[in-house]
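Read through the structure below, which is laid out as structure tokens, and then see the notes.
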Amino acid sequence: MKSAPPGWLPDARTGPEALIKEARKRQRRRWLAVGVAVAATLAGVAGVAAGVAGHPPGRPGPRGHPGAPAPIPRSIGTTLVMWPAGFGQCCGPVAVDNLGTGRLAQSRQPAIGAGDFQPLLAQAGRWLVYAGDGVATAIADDLTGSPRVLGPTPFFAPAAAPGRVWLFQVHHGRQGPIRAWTVALSGGPPSQPVTLPAGAYLPAVRGTDAGLLLQVPQGLALWNPGRAPAILPSSPDSADGFDATSRLVAYGTGCTSQSTAPDAPQDPGAGYDTCRALQVLDVVTGKLISFPAPPGTAGWVPNGFSRVSAISRDGQMIAAYAAIRPQGAGQARLYVMRIAGRSRQAMPVPSSAAYLFARTAWSADDTWLLYQGPGGHLWAYQVTAAKVAVASSVHGRIQRR
């Protein structure tokens, strides 16, 4: 394994600055930079990465309040990887919070880089893959060993095959074709490169069991080399994505742009979308499930792909926020739905009202949904028992940025 020298770039014409500018040009922009949240695995237990801010030392955590829920049980077996993300806050050292032991540690690895590219960090088998110093880099999920440079680009996406990732690079300037190839995180030669279809643009979402999930002018598409892109039903802009796995793609339809009021208590003038329905597509069977926005809400709020862990690891449930009226206040409430089964009912998560761009993640065994609860503290909801718990340590305070 080896590390990339600071500032190392293979070619000024196709360096990360040019790629980022191209992504900015082609992506529908948000008026507010937001944090990120992705699934990860650390030291043998599943975890997540999220935009966070530590609980101020010396202040009592939520356990000090009368009537507070029980602490998150240590049997949850989950480790969190967290870092600040937002205006001027990405990314710096990460916090590694083991919910099983209650131990909090700070680490400079992975050294996540800042940028408009997504994802900033993703899990691929027993590795964490991240963008740093203008290159795609991998490190063992227990954060041991030296980082391993995968390729000279900050644009990557998880592949459908375990232990592999897609890398992307623009050739012949910012307007040139996009070349893509996969690499094995355990080592070995890369795959033969392919050229993405004309009109495709970065960032790509991820590899799926039915092809590479791409952004094209018509919306989202599944693509395999030698074939034309297959546009997803009622396909949206990628900004209206919720989450994607190798088999399931969750995205919003009937989406409109909104903004918080100039005098909103949090993020005044921030732009966001609300969607009338949340669609979950099985890319293998073609089955499409639709969840209408909960009654009384202003619509589902997509955070964009590669930023949250919304779909449970077993593909049975999905969590999403819906905007609370009035929309100018910039608040949302968390709901959970069952993908399997006939019910399309959105079940509200207790004590989950939060400002926009809050983050979610599922525990290692899919039994608990982790989210931002009252006071910005880390809470957990056990779906099967309809029971809530809260982080017991003073560092269990999670925020949108």
Roughly how many nanometres apart are two label points built 7 Å out from the Cα toward the Cβ at Ser191 and Ala161?
0.6
For Ala361, what residues show an amide H to amide H distance below 5 Å, using hydrogens built from the backbone and excluding near sequence neighbours?
Leu370
Where in segment 262-281 is the amide nitrogen less than 16 Å from a point lying 7 Å along the Cα-to-Cβ axis of Arg344?
275-281
Considering only protein heavy atoms and a 1.4 Å probe, what is the carbon-and-sulfur percentage of the accessible area of segment 135-206?
54
For Met317, residues with placed amide H under 5 Å, excluding near neighbours
Ser312, Ile339
For Ala230 and Lys387, what is the calculated FRET efficiency with R₀ set at 51 Å and r taken between the beta-carbons, to the nearest 0.05?
0.75
For segment 203-285, calculate the relative contact order in percent as a whole number, restricting contacts to Cα pairs under 8 Å that are 6 or more residues apart.
23
So, with points 7 Å from each Cα along the Cβ direction, the Asp365-Arg276 label distance in nm works out to 4.2
Under 8 Å for C-alpha pairs, at least 6 residues apart: give me the relative contact order for segment 131-183, rounded to a whole percent.
25
Env charge @ Ser107, Cβ radius under 12 Å, K,R +1 / D,E -1, value -1
How much net charge surrounds Arg344 when only the other residues with a Cβ under 14 Å from the Cβ of Arg344 are counted, with Lys and Arg +1 and Asp and Glu -1?
+4
Got a number for carbon plus sulfur as a percent of segment 305-363's accessible area, 1.4 Å probe?
48
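The values are calculated or read from the model by the stated rules, or taken from the named source; none is laboratory data. This one's a predicted model, so the numbers in the text were calculated from it and none came from an experiment. Ideal geometry is used to build each Cβ from the backbone, glycine not excepted, and the neighbour counts take in all protein chains shown. The protein model used for the area step is the full one, side chains on, heavy atoms only, and it has no ligands, DNA or RNA in it. Shrake-Rupley method; radii C 1.70, N 1.55, O 1.52, S 1.80 Å.
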